[in-house]
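Visitor: Here's a structure for you.
No lab work stands behind these numbers, since they all come straight from the coordinates. These figures come from a predicted structure and were not determined experimentally. Methodologically, a virtual Cβ is constructed for each residue, glycine included, from the backbone with ideal geometry; neighbour enumeration extends over all protein chains shown.
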Amino acid sequence: MKDKVFEGCATALITPFADGRVDYASFERIVEEQISAGVSALVFAGTTGEAPTLEKEEWRDICDFAVSRVGGRAKVIVGCGSNSTAEAVRKAAEAEGIGADAALIVSPYYNKGNAEGIVRHYETVCSKVSIPVIAYNVPSRTGVDLGIEICRRIAEIPNMAGIKEATGSAARAACLTSYIGDDLPLYSGSDEINLPVLSVGGSGVISVASNVFPALCVKMCRAAMGGDLSAAREISSRLYPFVSALFCEVNPIPVKTVMAYLGLCREEFRLPIYNISEENRRRVIEEYERAARSE
């Protein structure tokens with residue numbers, strides 16, 4: 001059995017912007033709220049953090065901020081993925097040097113490597129760093145699916161420490177835990193199936209919804225992993241309409257819209273990400289309000 005980077009709830013954090021720059025004042029408030037809610041880990045500079053639009057200096061500054069601000073109160077996981085293996089190695093090594101607890105490495109996109117190339121991509125990154133590496137499977141964005149056989153092979157890499165599974169398929173999650181089990185800890189990367197993933201033996205979730213409802217997501221994970229599926233289902237059902245609304249447009253547009261509505265950040269994105277439609281704005285805020293007042 002491999003050591004796990006974390007168990008329970010991790011939040012895939014937004015990156016707040018103000019006037020074209022990273023808004024660290026808002027970032028500090030968001031991080032402190034997350035830690036107060038009891039999250040096990042925080043993911044910086046991932047998909048939800050608009051990583052593809054971060055300049056190298058911004059990415060490094062976010063790493064520095066993450067490690068210093070969190071200060072060991074939760075695990076710090078940094079998005080280090082690239083479609084260039086050499087660039088992924090560079091970023092993972094830099095994150096390790098800064099003090100991150102783990103690197104999140106998305107499967108190579110656009111280049112669309114074959115199975116052998118993808119396995120070697122992960123082998124190469126893992127051979128160059130000592131910190132744990134979590135593979136990130138999100139074929140809706142990358143165009144490449146880390147199938148069961150690829151996952152079996154990367155599970156054998158010594159410091160490969162998990163897979164963030166974001167196909168949105170509960171069946172895929174069940175298959176992974178059945179065929180790979182403890183060889184590669186499984187983390188839900190799709191809020192819609194957080195509870196199903198936990199119920200089949202997943203080690204935790206990397207959640208977008210927990211940007212807004214961190215305490216509820218932590219409570220749901222603890223209940224599910226503690227065997228209280230009734231309590232976990234109650235929370236999951238309460239959050240589900242909101243979770244569904246969070247993906248009415250490409251992530252992180254809806255979640256950042258709600259966080260701006262709550263005064264946690266500005267409603268500012270970087271192109272090609274742009275503001276939400278008015279129809280979807282109404283929907284996501286209405287679902288937030290409904291979830292927030294539910295008993």
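Visitor: Can you tally the net charge around SER84? Count Lys and Arg as +1, Asp and Glu as -1, for every other residue whose Cβ sits under 11 Å from the Cβ of SER84.
Guide: Details: positive: ARG90, LYS91; negative: GLU87.
Once all neighbours under 11 Å are counted, the net charge is +1.
Visitor: Right, another one. Return a single number: how many Lys pairs in the chain, at a sequence separation of 8 or more or on separate chains, have alpha-carbon atoms below 17 angstrom apart.
Guide: Numbers: LYS2/LYS75; LYS2/LYS164; LYS4/LYS75; LYS4/LYS164; LYS56/LYS91; LYS75/LYS164; LYS91/LYS128.
Lysine pairs satisfying the spacing and distance rule in the chain number 7.
Visitor: Mind listing the long-range amide H neighbours of ILE134? Cut-off is under 5 Å, sequence gap 5 or more, other chains count too, H placed in the peptide plane at 1.01 Å from N.
Guide: Amide H neighbours of ILE134, under 5 Å, 5+ apart: ALA103, LEU104, ILE105, ALA161.
Visitor: So which GluC sites (Glu not before Pro) in the range 63-106 end up in coil per DSSP with only 10 or fewer other C-beta atoms within 10 Å?
Guide: On the way: sites: GLU87, GLU94, GLU96; in loops: none.
Within the range 63-106, no GluC sites (Glu not before Pro) qualify (loop, at most 10 other Cβ atoms within 10 Å).
Visitor: What residues have an amide H closer than 5 Å to that of VAL208, excluding those fewer than 5 places away on the same chain, when H is modeled at 1.01 Å from N in the peptide plane?
Guide: Those qualifying (amide H under 5 Å, at least 5 residues apart or on another chain) are ALA12, ASP191.
Visitor: Run the dipole for the range 179-295 about the Cα centre, Lys and Arg Cβ at +1, Asp and Glu Cβ at -1, nothing else charged, and hand back the magnitude in debye, nearest 20.
Guide: With Lys and Arg at +1 and Asp and Glu at -1, about 240 debye.
Visitor: Could you size up the charge dipole of the chain around its Cα centre, putting +1 on the beta carbon of Lys and Arg and -1 on that of Asp and Glu, and report it in debye to the nearest 20? Intermediate values should be presented prior to the final figure.
Guide: Details: 31 positive and 38 negative charges, 52 e Å.
Dipole magnitude for the chain comes out near 260 debye.
Visitor: Determine the relative contact order of the range 192-295: mean sequence separation of Cα pairs under 8 Å and six or more apart, normalised by residue count, in whole percent. Display every interim value, and only then the final one.
Guide: On the way: 94 pairs, mean separation 24.8, N = 104.
About 24 percent, as a whole number.
Visitor: Choose one of ASN280, GLY49, TYR187: the residue whose Cα lies farthest towards the positive end of the charge dipole of the chain (beta-carbon charges +1 Lys, Arg; -1 Asp, Glu; about the Cα centre).
Guide: About the Cα centre, the residue reaching furthest to the positive side is TYR187.
Visitor: Could you tell me which of rounded, prolate or oblate describes the range 140-295, using a ≥ b ≥ c as the square roots of the eigenvalues of the alpha-carbon gyration tensor, with rounded for a/c under 1.5 and, failing that, prolate when a/b is larger than b/c and oblate otherwise? Could you put the intermediate results ahead of the total?
Guide: On the way: a/c = 2.45, a/b = 1.45, b/c = 1.68.
Oblate, because a/c is 1.5 or more while a/b does not exceed b/c.
Visitor: If Lys and Arg each add +1 and Asp and Glu each add -1, what is the summed charge of the other residues whose beta carbon sits under 14 Å from the beta carbon of PRO214?
Guide: Details: positive: ARG29, ARG73, LYS219, ARG222; negative: GLU32, GLU33, ASP191.
It works out to a net charge of +1.
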